[in-house]
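The values are calculated or read from the model by the stated rules, or taken from the named source; none is laboratory data. Computed from a predicted model, the values in this text were never measured in an experiment. Note that we place each Cβ from the backbone using ideal geometry, even for glycine, and neighbour counts take in every protein chain shown. Note: accessible area is taken over every heavy atom of the protein model, side chains too, but ligands, DNA and RNA are not part of it. Shrake-Rupley method; radii C 1.70, N 1.55, O 1.52, S 1.80 Å.
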Amino acid sequence: MTNILLLEDVAEAMAWLKIQVSEVYPDAVFHDASRVNGALVADRSGAATSYAIYNLQERGEIFIEPGTQVYEGMIVGENARPNDIDVNVTKEKKQTNMRASTADEAIRLIPPRKLGLEQAIEFINDDELVEVTPGSIRLRKRTLAANMRPKKTADD
């Protein structure tokens, strides 16, 4: 619904919808819609690597491509579980001097989900912000440092 309406009209449309439903169902209880899943949050600055993104794909859906510059507190994906996780998207594969019995296989990455401005605004929770620059749209935590952010549990 928010993709169709202008952002100024969303609050008005929701209020109208609540009035219409309340007339038909007087005992209806309304809950604010918020994201159920947590976020994958970068825990350090640097360039995202294919190796790290490949290993994070099983934890949730990724929003960035390899080579993207990230910083601490930047949201790089949506967690499959309800809580936020700090992740290292700059991790590189350890190089050794020994030859492996199987050659390094090509990493297959799932294409990242690109969020437009409307999707980014819909995605964020109260403790998150949307950064809009001429070159990109990024999501971040309101408090960047992981040790300064309040810890959330699945019950919060």
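For Asp86, what residues show an amide H to amide H distance below 5 Å, using hydrogens built from the backbone and excluding near sequence neighbours?
Val41
Work out from phi, with θ = phi - 60° and the Karplus expression 6.51 cos²θ - 1.76 cosθ + 1.60, the ³J(HN,Hα) of each residue of region 111-122, listed in order in whole Hz, and give x for Gly and Pro.
Working through the residues one at a time gives x, x, 7, 8, 9, x, 4, 5, 5, 5, 5, 5 Hz.
Rounded to the nearest whole Å², what accessible area per residue is found for region 37-78 with the 1.4 Å probe?
40
Roughly how many nanometres apart are two label points built 7 Å out from the Cα toward the Cβ at Asp127 and Glu58?
In this crude label model, Asp127 to Glu58 measures out at 2.7 nm.
Students often check this: by mean Cβ neighbours within 10 Å, which of 129-136, 64-71, 35-42 ranks highest, and how do the rest follow?
Descending packing order for the listed peptides: 35-42, 64-71, 129-136.
At a 1.4 Å probe radius, carbon and sulfur cover how many percent of the accessible area of region 55-131?
Here carbon and sulfur together make up 47 percent of the probe-accessible area.
So what J values fall out for region 133-144 if you push phi through Karplus, 6.51 cos²θ - 1.76 cosθ + 1.60 with θ = phi - 60°, rounded to Hz, Gly and Pro as x?
Calculated HN-Hα couplings, in order: 10, x, x, 6, 10, 10, 10, 8, 6, 4, 9, 6 Hz.
Lys and Arg at +1, Asp and Glu at -1: add these up for the other residues within a Cβ distance under 12 Å of Gly73 and post the number.
Cβ neighbours under 12 Å give a net charge of -1.
Across region 77-86, in residue order, what do the Karplus-derived ³J(HN,Hα) couplings come to in whole Hz, using 6.51 cos²θ - 1.76 cosθ + 1.60 with θ = phi - 60° and x for Gly and Pro?
With the stated coefficients, region 77-86 comes to x, 10, 6, 6, 10, x, 9, 7, 10, 7 Hz.
Mind checking the full-extension length gain between Asp27 and Arg142? Use 0.36 nm per residue of separation minus the Cα-Cα distance, one decimal, nm.
37.8 nm
Out of residues 5 or more away from Glu128 or on other chains, whose amide H comes under 5 Å of its own, with H placed 1.01 Å from N in the peptide plane?
It is Arg142, by chain and number.
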